[in-house]
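Working notes, beginning with the structure itself.
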Amino acid sequence: MPMHYRLLLTLALTILLALFNACGGGAGGETGDGSGSSSACTPDIPVSAGLFTSPPTNIANIADVIPLGNMNPGGGHVIPVNHMYLSYPFPTGGGALSYPVHAMASGRIFMLMRDTVSSSTDHDYSIYINHTCSVTSYFIHLHGLSRRIQDYIAAHAIPWQDISGSGAGPWIMFLGQPGGAPMLNVSAGEELGITKNYSHSWDAGVIDKRYLSGSFINASANRYPHFSDFMPLFLSVTVDMSVYPFLGNQYLNAGCFIDYMSSAGGLKAAWFGKLSSTPQDCGRVGWDSPGYLQGVWFNPAIDTIGLKMDHEVAALSIVPDNLNPTTKVQVGWGNASNGSTIPSLALLDPSAWTPPISGITQISNPFKADMDNASGAVVNPNPANVKVGVTVCYDLQYNSSGGTRYNYILFHMTDSTTLKVKYEPTEQLALQCRTLLPLPLSDASWKTYIR
């Protein structure tokens, strides 16, 4: 999928999911036409009780499941990703192969989204389903809706609203609005539509406002925003949010859909076996460790410039790799230095963002380094062990036209909430950190990030 589309869709989804965080409403209840009212919600049950009794698709239709916490700057994600990727068995196949997508539990569709993609003749859809007073699931990158959903939309003349206000989308549709069509009840295992192998994977997410997905320091609105903060930017969207009280925060309350699966018939065990991490685990979003380097940091501009749609370009993450959390570390950051975001939120040497900047998405590539867990390590150390006052170095590997190249980044925490950063962009043929020993201390040329 083109990177500029992934960024646009990511930003829109961030806004739309956050929209529900600021409000309350209900789920559950039925009307005579089989659609859901908004007057009550289905009581919660423990996660281990197996709310999800159906898989999202036949397990043979996926190659693996990528856990929570993936870093995907090319797709607009610098903060660890809050949903899971379901990889196609034959990825990037131009949409030649399609796979049915099913509701994992009974619930009510309350929102749909669609967009156009230059590489596809199909619309790209997202579907959001409320299941209980606290649990919502959603799917992203469907390429066709079921006949039942299409007929329901047509019969009730439910309008698509253009989020951008430009006529070019993305578009959003709300069900259950006062005076409009009720939310649409769906049953566990009911087909919702199809997904096609245009890209590497499609997405499955869970929001459960009862739980935190890890630890988050200073989870403010600018860092993990609510839609109420975005409202001045999206006057074209008309919706009464008081009817939707069931969603939590898409980052803070991100869940793993496999955790919610029933154990009956080996369903949960089979899907757990598809997790691509070593050791196999669902992952998490929040990795902040008070007093240590590990976690997500932000450019100070994020607290002074006002909320921007592309707030993730202000983030710098240094967290365990979601595929190899005990042996590798992910380093990634946003970049808006190419002038298309004014003023820029990412001020980490903006004149030197080459390589490996992507000028299309304004988001840099992620890096993964082998983690050194030895006590006192300063080259590629476990960030959970790096304390205030210690300077550490990470070798950053990437591919260029001339082959594998390296540069490095230095970190130095001056206190528990202030991080000094120095990035060296010059292409090198070999690893650099060990040749720098002893590492330089922070000076005026270093940039500041906070949390």
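The values are calculated or read from the model by the stated rules, or taken from the named source; none is laboratory data. Remember, predicted model here, so these are calculated numbers, not experimental data. For neighbour counting, all protein chains shown are included, and Cβ atoms are generated from backbone atoms with ideal geometry for every residue, glycine included. When the accessible area is computed, the model is the full protein with side chains, heavy atoms only, and any ligands, DNA or RNA have been set aside. Shrake-Rupley method; radii C 1.70, N 1.55, O 1.52, S 1.80 Å.
By accessible area, using a 1.4 Å probe on protein heavy atoms only, segment 373-423 has 42% of its surface on carbon and sulfur.
Taking all protein chains in place and a 1.4 Å probe, what share, in percent, of the accessible surface of segment 146-194 do carbon and sulfur account for?
Details: 1140 of 2100 Å².
Whole-percent figure for carbon plus sulfur exposure: 54.
For G69, the shell of other residues with beta-carbons less than 11 Å away shows a net charge of -1, using +1 for Lys and Arg and -1 for Asp and Glu. Using the average count of surrounding beta-carbon atoms within 10 Å as a protection proxy, the listed peptides 197-205, 57-65, 441-449, 283-291 rank, highest first, as 197-205, 283-291, 57-65, 441-449. Accessible surface of segment 205-296, 1.4 Å probe: 57 percent of it comes from carbon and sulfur atoms. Under 5 Å between amide hydrogens, built in the peptide plane, is the criterion, and for S146 it picks out G193 among residues at least 5 positions away or on other chains.
Checking the cross-link pairs K209/K274; K268/K328; K368/K420; K209/K328 against a 22 Å limit on the alpha carbon distance flags K209/K274; K268/K328; K209/K328 as lying beyond it. The modelled label-to-label distance for the pair S119/I158, using points 7 Å beyond Cα in the direction of Cβ, is 2.9 nm.
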